[in-house]
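Structure first, then comments.
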Amino acid sequence: MTSPASYWPPFALALSTPRLTLRPIRDEDIPAAVDAALSGVHEPGRSPFSNPWAESPAEELGPKMAQWYWRCRAGASPQQWTLLLGIWHDGDFIGCQDIEAKDFATLRTVSTGSWLKRSAQGRGLGKEMRAAVALYAFDWLGAEVAESEAAAWNQQSLGVSRSLGYELNGTSPANWGGIRQDAQRVRLTPASFNRPAWTLEVQGHEPTAKYLGIG
């Protein structure tokens, strides 16, 4: 049987932490991802995302998520790529951690974003999955900077950033879902990174890096 990684090499990638498995979302994972999102991601009416996708009507959310996953896969190239990593905890799909870059060979910079279903929040899993992609970016991809941003009021996300060593990197007004928000940018380097005590286990790095043009 043909392996999915034979036609899209990043499907071979898997990152393992003490409690989590992170790997690119495949088509057969989409129903679980949609169910996790439908169970609730944030307080109703208070979206922490620049695009309030999680507030879409139930009948629209699944198609929007699937289209986004397919679009990111189809558009991946050495010049610009996004890896959408599903998060599994005790066998259950609980959210997504993405890592993306533009002109990585020159800039050596990645940016990240994530979501967790509400029932998985408040247990340190968000910090663990962000630490996983920071470790992968710095130690495996050779990144020099990892960036992220959050609404200035989103102290939960910014708290995770502070705990990992991210430094504040300016604010700017932004249109998030038709609402003006102050977006707080944060920046992490290998020097400022508060590394976890555990070791990240990585599978499938070589075919992933080759496909993304990372030497």
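The values are calculated or read from the model by the stated rules, or taken from the named source; none is laboratory data. The structure displayed is predicted, hence computed values, not measured ones. Because the Cβ atoms are built from the backbone with ideal geometry, glycine has one as well, and the counts that use them run over all protein chains shown. With ligands, DNA and RNA removed, areas are computed over all heavy atoms of the protein, side chains included. Shrake-Rupley method; radii C 1.70, N 1.55, O 1.52, S 1.80 Å.
Setting aside same-chain residues fewer than 8 positions from Lys102, which lysines have a Cα under 22 Å from its Cα?
Result set, ordered by chain and number: Lys210.
Mind checking which lysines have their Cα closer than 18 Å to the Cα of Lys64? Skip sequence neighbours fewer than 8 apart in that chain.
Answer for Lys64, where 18 Å is the Cα cut-off: Lys117, listed by chain and number.
Phe93: net charge of surrounding residues, Cβ under 13 Å, Lys/Arg +1, Asp/Glu -1, itself excluded? Intermediate results must be reported in sequence, preceding the final value.
Details: positive: Arg23, Arg26, Lys117; negative: Glu28, Asp29, Asp35, Asp90, Asp92.
That works out to -2.
Per residue, how much accessible area does the chain have with a 1.4 Å probe, in Å²?
50
So, in Å, what gap is there between the alpha-carbon centers of the range 96-144 and the range 173-215?
3
Loop-only check: which GluC sites (Glu not before Pro) in the range 102-168 are DSSP coil with at most 14 other Cβ within 10 angstrom?
Qualifying residues, ordered by number: Glu144.
Between (1) 24.8, 108; (2) 16.5, 50; (3) 19.5, 77, which entry matches Rg and Dmax of the Cα atoms in Å as derived from the coordinates of this structure?
(2)
With every protein chain kept in the model, how would you rank Tyr211, Tyr7, Tyr69 by accessible area, 1.4 Å probe, largest at the top?
Tyr7, Tyr211, Tyr69
Please tell me the relative contact order of the chain in percent, rounded to the nearest whole number, where contacts are Cα pairs under 8 Å and at least six residues apart.
25
Which ³J(HN,Hα) values in Hz, rounded to whole numbers, follow from the phi angles of the range 129-136 under the Karplus curve 6.51 cos²θ - 1.76 cosθ + 1.60, where θ = phi - 60° and Gly and Pro get x?
6, 5, 4, 4, 6, 5, 4, 5
Checking the a/c ratio against 1.5 first, then a/b against b/c, what shape does the Cα gyration tensor give for the range 67-167?
Oblate, since a/c reaches 1.5 and b/c is not below a/b.
What are the ³J(HN,Hα) values, in whole Hz, obtained from phi via the Karplus relation 6.51 cos²θ - 1.76 cosθ + 1.60 with θ = phi - 60°, for each residue of the range 167-172 in sequence order, with x given for Gly and Pro?
With the stated coefficients, the range 167-172 comes to 10, 4, 9, x, 10, 8 Hz.
Quick one: pull the percent of accessible area on the chain belonging to carbon and sulfur, 1.4 Å probe, ligands and nucleic acids left out.
On the chain, the fraction of accessible area on carbon and sulfur atoms equals 49 percent.
Could you tally the net charge around Leu135, taking each other residue with its Cβ under 12 Å from the Cβ of Leu135, Lys/Arg +1 and Asp/Glu -1?
Numbers: positive: Arg130, Arg195; negative: Glu128, Asp139, Glu201.
That works out to -1.
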